[in-house]
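**Student:** Take this structure, written in structure tokens, and hold onto it; I'll ask about it next.
Readers should treat all values here as calculations from the given coordinates under stated rules, not as data from a laboratory. Treat the numbers as computed from the prediction; the structure is a model and nothing was measured. Note that we place each Cβ from the backbone using ideal geometry, even for glycine, and neighbour counts take in every protein chain shown.
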Amino acid sequence: MRKYDFTVIGSVCSVQLLKVHNFPIVGQSETVLNTDCFNYDFGGCSYNIFSGLAKLGAKIYPVMSSTSPSCTDGLFKECESYGFPTDAVLPHNDRNFYHCIMIQDDNGSHLTLSCFCGEDATVGQSPGLSQLKDSYFSDSDYVLIAVGDPRYMDIIERSRRFGTKLVYSYRNDPILAPLEMIKELFYASSFIFTNQIEAEYVERSLGLAKITDLFQRGTAEVIVTTLGKDGCVVYEKDGDTYRQRIVPVTPTSAERPDTVGAGDGFVSGFMAGWIRGEPADVCAQYGNTVSSFVIEKEGAVTNLPNFQKMLERNRTRPDATA
């Protein structure tokens, strides 16, 4: 029995949201609609998943860097409130910052701008990357990364050495996750999460007929592709083949859903079910249910539920089994 369910590797950054009717087109002006556009929240894919898992009761070893003084203070306070270790939480560096700008159109689609700034900033590399230690892998059942990480070969090697299963939540970003990186991560990961557009990109980029070819070419056990309002499709390895199930979304009363962080919420809900021994289709229900909370309020982590609250809503699903 290991001390932690997950080691989560990544960073927390400031996230600024700009709402527009349509994505900008060259030669045409577009007005930002939200007057709070200069406000920001804490975010980043790894941080969003970390927050979701923590709220759902998972035990986490955070290996996370921070990109600003406020992010540092917030991350330390959050870890301390849950009783998580902070020895691998790296404070901000005043000479190196990372900021994320998200543009959201009327359809709820997003365009993300990654901003690297400061005297020591390197484009494509989050500030404050630290050396990895064996304990980050030997003390946890799973290691989770989102988007990508420059230390990916070290992460893969240590995951294999210590039998720690790799969970990869992919985001299509050729700078933060170049092709040579995603090739290695997709083949080495036991759990893979993408959306539909990302899955199609991976198939083209890796020369796969279908993303499920990873069951034969890599070490994948479960692959999940989210489908927006249509729910998700879950592929689970079964001997030399695989099972496939479509799991619909969990209904929500949100009139104007805010989809920022919905995919990250899905990952946290799915994996929170998995560590409790739930079958993959139930885990997907949990993922969809966490997402239903996320989209009800602005902010990727603003409305994350605890496990009991998630379970209560999940029981209202027609396909719920418990």
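For every residue, the table says whether it meets (1) closer than 30 Å to residue 316 by Cβ; (2) part of a strand (DSSP E or B); (3) in contact (Cβ under 8 Å) with a residue 12 or more places away in the chain; (4) not hydrophobic (A, V, I, L, M, F, W, C).
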site	(1), (2), (3), (4)
176	no, no, yes, no
187	no, no, yes, yes
200	no, no, no, yes
237	no, yes, yes, yes
267	yes, no, yes, no
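**Student:** Does residue 238 meet the test of being closer than 29 Å to residue 101 by Cβ, out of contact with any strand residue (DSSP E or B) (no Cβ under 6 Å at 6 or more places or on another chain) and of a type outside the set (A, V, I, L, M)?
**Tutor:** Details: closer than 29 Å to residue 101 by Cβ: no; out of contact with any strand residue (DSSP E or B) (no Cβ under 6 Å at 6 or more places or on another chain): yes; of a type outside the set (A, V, I, L, M): yes.
Considered against the rule, which asks whether it is closer than 29 Å to residue 101 by Cβ, out of contact with any strand residue (DSSP E or B) (no Cβ under 6 Å at 6 or more places or on another chain) and of a type outside the set (A, V, I, L, M), residue 238 comes out as no.
**Student:** Keeping to the stretch 85-119, report how many residues are more than 19 Å from residue 64 (Cα to Cα) and part of a loop (DSSP other than H, G, I, E, B).
**Tutor:** Of the residues in the stretch 85-119, 7 are more than 19 Å from residue 64 (Cα to Cα) and part of a loop (DSSP other than H, G, I, E, B).
**Student:** A further question on this structure: Regarding residue 210, is this residue surrounded by fewer than 17 Cβ atoms within 10 Å (Cβ to Cβ), of a type in the set (D, E, K, R), over 30 Å from residue 313 (Cα atoms) and free of Cβ contacts under 8 Å to residues at least 12 places away in the same chain? Walk me through it before giving the result.
**Tutor:** Values: surrounded by fewer than 17 Cβ atoms within 10 Å (Cβ to Cβ): yes; of a type in the set (D, E, K, R): yes; over 30 Å from residue 313 (Cα atoms): yes; free of Cβ contacts under 8 Å to residues at least 12 places away in the same chain: yes.
Yes: the conditions hold for residue 210.
**Student:** Take residue 57 and tell me if it is buried (at least 24 other Cβ atoms within 10 Å of the Cβ), in contact (Cβ under 8 Å) with a residue 40 or more places away in the chain and touching a helix residue (DSSP H, G or I) at 6+ places or on another chain (Cβ under 9 Å).
**Tutor:** On the way: buried (at least 24 other Cβ atoms within 10 Å of the Cβ): no; in contact (Cβ under 8 Å) with a residue 40 or more places away in the chain: yes; touching a helix residue (DSSP H, G or I) at 6+ places or on another chain (Cβ under 9 Å): yes.
Taking the combined requirement at face value, the residue does not satisfy it.
**Student:** Could you give me the residue pairs with C-beta distances under 7 Å whose first residue belongs to the stretch 5-34 and is closer than 17 Å to residue 144 by Cβ, whose second residue is of a type in the set (Lys, Arg) wherever it lies, and which are 6+ apart or on separate chains?
**Tutor:** What qualifies is 5/59.
**Student:** Which residue, of 168, 187, is of a type in the set (Phe, Trp, Tyr) and crowded, with 16+ Cβ neighbours inside 10 Å?
**Tutor:** Numbers: 187 fails: crowded, with 16+ Cβ neighbours inside 10 Å.
One residue alone meets the criteria, 168.
**Student:** Another question about this same structure. Please go through the stretch 271-322 and pick out each residue that is assigned to a loop (DSSP other than H, G, I, E, B), out of contact with any strand residue (DSSP E or B) (no Cβ under 8 Å at 6 or more places or on another chain) and charged (D, E, K, R). Give the derivation first.
**Tutor:** We begin by selecting, within the stretch 271-322, every residue assigned to a loop (DSSP other than H, G, I, E, B); these are 275-279, 295-306, 315-322.
From what is left, the residues that are out of contact with any strand residue (DSSP E or B) (no Cβ under 8 Å at 6 or more places or on another chain) are 276-279, 295-297, 303-306, 315-318, 320-322.
Selection gives 276, 278, 296, 297, 315, 317.
**Student:** Given the options 269, 228, name the one that is closer than 30 Å to residue 34 by Cα, surrounded by fewer than 21 Cβ atoms within 10 Å (Cβ to Cβ), within 19 Å of the chain's Cα centre (by Cα) and small (Gly, Ala, Ser). Before you say what the answer is, go through the steps one by one.
**Tutor:** Values: 269 fails: surrounded by fewer than 21 Cβ atoms within 10 Å (Cβ to Cβ).
The conditions single out 228.
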